[in-house]
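For reference, the structure discussed in these notes is given below.
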Amino acid sequence: MNIIKKLENGERIDKHEAYSLYELDLFTLGKFAFKQRVKRFGKKVFFNINRHINPTNICADICKFCAFSAHRKNPNPYKMSHEEILQIVGNSVKNGVKEVHIVSAHNVQSGWEWYLEIFKKIKEQYPQIHIKALTAAEIDFLSRSCGFSYEEVIDKMIEYGVDSMPGGGAEIFDEDIRKRICNGKVSSENWLKIHQIWHEHGRQSNATMLFGHIESREHRIDHMLRIRDLQDKTNGFNAFIPLVYQTQNNYLKDIKFLGSSEILKTIAIARLLLDNVAHIKAYWATSTLNLAMIAQEFGADDLDGTIEKESIQSAAGANSANGTNLKTFCELIRSSGFLPVERDSLYNEIKIY
Ligand code: V47
């Protein structure tokens, strides 16, 4: 069947057809992606009030796209103490934060007890806070460095208070590209396996894709299809998050900015291809707030959150170091003709502004 007919009927795009989606023009993709987002969520734009915490930047891995970890171009190693982290969480709670998103570099000096203890302390002091923590890459690192199986690490995360898993560390699943940009990091197969185990424990997670570096359009489609296949089995992914590659202070050379049109096409394709993932997040830290808002017309329905502090993308040039605020979010969403909806970390609606 003709791909346009399928898009009109809202039918699943099969693997073979998926590779031709980029050949459609932006506005055709946008029209169908917007139709899907409106069918699911009307004109609601979801966000949460959250705080990103990155406890250490000392990393055993050397990902070429990363400007956050301490290295020659960022010679500023740090590791927060539990007290510092608790203080941050305490202040954030006072500011109305409902989720802490805790991800870090792969620091050999932080054994898994260090992580488990901080999760436990946060939950003891702030039981209402949702802890979204540890990427599949960190779980793989902790499993390898501490000698525990993925199941054991995941069981402990749950026991000590982690509520959901973020989608980081996925980068691009294609094995050749992965070797070139993040050799030695969790394999694609294991990234998917870890999320599968997490889902089989009845828990939810997100999935990311880092794009706009050395990957091709085909690699992006392949990446999304691998997410879709796992989602068919587990239904545990809440959101898919295409992360726009930020170019500064790292070791990938001569990468040109992708351009807004290609970013919007990719978001629209994600909406159309991932018919089994409820939410498509336009992560404003990597796309800018304005483009993330326009992306809501191209299939996205979520912006992430107010963030408060952000160290990973801002180290590579993004304008997200100090987050944004509720007022800015709501004004932007309203003035764009959408409805600002604060959600919790699992997409239950909290308040319409
Ligand atoms: O996996 C690293 C990415 C990710 C760069 O689950 C970069 O809700 C752009 O996964 N340019 C971590 N991106 C952040 C992440 C995330 C963010 C927001 C929400 C959620 C969620 C997850 O940051 C890493 C990596 O792909 N990253 N360097 C860079 N130069």
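The values are calculated or read from the model by the stated rules, or taken from the named source; none is laboratory data. Since this is a predicted model, take the numbers as computed values, not measurements. In this analysis, Cβ positions are derived from the backbone assuming ideal geometry, glycine residues included, and neighbour counts consider all displayed protein chains. These area figures cover heavy atoms from the full protein model, side chains too; ligands, DNA and RNA do not enter into them. Shrake-Rupley method; radii C 1.70, N 1.55, O 1.52, S 1.80 Å.
Within the accessible area of the chain, the carbon and sulfur atoms contribute 50%, probe 1.4 Å, all protein chains present.
Taking Lys and Arg as +1 and Asp and Glu as -1, the other residues whose beta-carbon sits under 11 Å from that of residue 262 total +4.
Taking every alpha-carbon pair under 8 Å whose residues sit at least 6 apart, the chain reaches a relative contact order of 23 percent.
Equivalent-ellipsoid semi-axes (√(5λ), Cα gyration tensor) for the range 24-352, whole Å, largest first?
Whole-Å semi-axes of the equivalent ellipsoid: 28, 23, 20.
Residue by residue, the range 112-127 carries 3J(HN,Hα) couplings of 5, 4, 4, 5, 4, 4, 5, 4, 4, 5, 4, 5, 5, 7, 9, x Hz when phi is fed to the Karplus relation 6.51 cos²θ - 1.76 cosθ + 1.60 (θ = phi - 60°); x denotes Gly or Pro.
Here the sum of -39500 (n - 2.57) over DSSP H runs of 4 or more residues, divided by the residues of the chain, equals -13000 deg cm²/dmol at 222 nm, to the nearest 500. Between the Cα long axis of helix 82-94 and the first principal axis of the chain there is an angle of about 50°, rounded to the nearest 10. What does a probe at residue 261 reach in the range 3-47, counting residues whose amide N is under 14 Å from the point 7 Å along Cα→Cβ? Taking a point 7 Å out along Cα→Cβ of residue 261, the residues of the range 3-47 whose backbone N falls under 14 Å are 22-30. Give a quick list of trypsin sites (Lys or Arg not before Pro) in the range 208-310 that DSSP marks as loop, anything other than H, G, I, E or B, with at most 12 other Cβ atoms within 10 Å. Of the trypsin sites (Lys or Arg not before Pro), the ones in loops of the range 208-310 whose Cβ has at most 12 other Cβ atoms within 10 Å are 253, 256.
Helix 136-146 and the longest principal axis of the C-alpha atoms of the chain enclose an angle of approximately 30°. Between residue 43 and residue 109, the FRET efficiency estimated from the beta carbon spacing at R0 = 51 angstrom works out to 0.60.
The 3J(HN,Hα) values that the Karplus relation (6.51, -1.76, 1.60; θ = phi - 60°) gives for the range 283-296 are, in residue order, 6, 4, 4, 9, 10, 6, 5, 5, 5, 4, 6, 4, 4, 5 Hz. Gly and Pro appear as x.
Which of rounded, prolate, oblate describes the range 171-284, given a ≥ b ≥ c as roots of the alpha-carbon gyration tensor eigenvalues and a/c under 1.5 marking rounded, otherwise prolate only if a/b is larger than b/c? Could you put the intermediate results ahead of the total?
On the way: a/c = 2.06, a/b = 1.37, b/c = 1.51.
Oblate is the answer for the range 171-284, as a/c is 1.5 or above yet b/c matches or exceeds a/b.
Each Lys and Arg contributes +1 and each Asp and Glu -1, all at the Cβ; summed about the Cα centre of the chain, the dipole is approximately 760 debye. Using a simple spin-label model with pseudo-atoms 7 Å out from Cα toward Cβ, residue 352 and residue 145 lie 4.7 nm apart.
With each label modelled as a point 7 angstrom along the Cα→C-beta vector, the residue 327-residue 73 pair spans 3.6 nm.
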